[in-house]
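The values are calculated or read from the model by the stated rules, or taken from the named source; none is laboratory data. All values derive from a computational prediction rather than experimental measurement. Here Cβ is always computed from backbone atoms with ideal geometry, including for glycine, and neighbour counts include all displayed protein chains. Heavy atoms of the whole protein, side chains included, go into the accessibility calculation; ligands, DNA and RNA do not. Shrake-Rupley method; radii C 1.70, N 1.55, O 1.52, S 1.80 Å.
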Amino acid sequence: MSDRELILARIRAAVTSAPPNEIVRDYRTSAGPLDRAELIELFAERVADYRAVVHVTGEDEVAATIAAALAAQGVAGPLVPEGLPTEWMPEGAVADDPPLSDAELDAVGGVVTGCAVAIAETGTIVLDAGPGQGRRALTLLPDYHLCVVRAGQIVAGVPQAVAVLDPFRPLTWISGPSATSDIELNRVEGVHGPRTLEVMIVR
């Protein structure tokens with residue numbers, strides 16, 4: 001008998017007379033009944049808590065708001081993934097076709113994408129590499145990320161998001177700009193992804 005088998009045998013012998021342990025699964029699965037306006041307000045508040053810049057705009061103002069945000073950041077020729085709505089397309093946009101190298105992505109000033117779903121309770125946006133989102137590297141290497149979120153994509157909590165996401169797709173969960181802290185709790189942004197995140201909510 002190997003050491004592993006011996007240890008497992010002793011564990012089985014020790015728990016043989018233990019009473020069955022019922023697993024209670026009454027954990028919360030909803031953030032509560034929120035209407036569309038409340039979801040937008042909560043999501044905007046939580047995103048801003050992560051030091052992301054938040055815009056709330058109408059459908060007919062998306063292109064102008066994107067252009068203004070890029071201009072404020074000094075981003076010219078932003079990267080855009082395939083499938084981004086043509087009416088959102090910023091001037092001088094650069095396509096990832098053929099796929100840019102890591103060095104080329106790092107040199108791009110910023111990227112504009114959509115998302116798969118957004119979570120109000122946690123201020124999280126989720127990308128699944130679908131249309132308008134692109135491959136994961138597009139939103140990890142550029143220093144600036146502008147993500148457009150339609151109001152209908154905002155759900156209350158994580159369980160609702162998981163219910164609509166495909167677990168077989170490459171999911172990227174983003175809560176604010178990339179940040180980390182050293183042992184003295186000094187915050188450093190831009191280490192593992194974009195230093196600046198802007199989220200545009202389309203009512």
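Tabulated results
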{"read-out": "Förster radius 35 Å - calculated FRET efficiency between Arg169 and Asp49, Cβ distance, rounded to 0.05", "value": "0.80"}
{"read-out": "Net +/- balance of residues flanking Arg12 in space, Cβ distance below 14 Å, scoring K and R +1, D and E -1", "value": "+1"}
{"read-out": "Longest DSSP-loop-exposure-free segment, GluC sites (Glu not before Pro), the chain, at most 16 other Cβ within 10 Å", "value": "92-183"}
{"read-out": "FRET efficiency, 1/(1 + (r/R0)^6) with R0 30 Å, evaluated for Glu38 and Arg195 via beta carbons", "value": "0.45"}
{"read-out": "Longest exposed-site-free window of the chain, the sites being chymotrypsin sites (Phe, Trp or Tyr not before Pro) in a DSSP loop that have at most 11 other C-beta atoms within 10 Å", "value": "28-167"}
{"read-out": "Simple spin-label estimate for Ala18 and Glu5 in nanometres, 7 Å along Cα-Cβ", "value": "2.3 nm"}
{"read-out": "Apportionment of accessible area to carbon and sulfur, the chain, percent (1.4 Å)", "value": "54 percent"}
{"read-out": "Using a Förster distance of 45 Å, the FRET efficiency for Asp97-Val188 (Cβ separation, nearest 0.05)", "value": "0.85"}
{"read-out": "1.4 Å probe accessible area per residue over the chain, in Å²", "value": "58 Å²"}
{"read-out": "Antiparallel DSSP beta bridges within the chain, as percent of all bridges there, nearest 5", "value": "30 percent"}
{"read-out": "Only Lys, Arg (+1) and Asp, Glu (-1) charged, at Cβ; the chain dipole about Cα centre in debye", "value": "800 debye"}
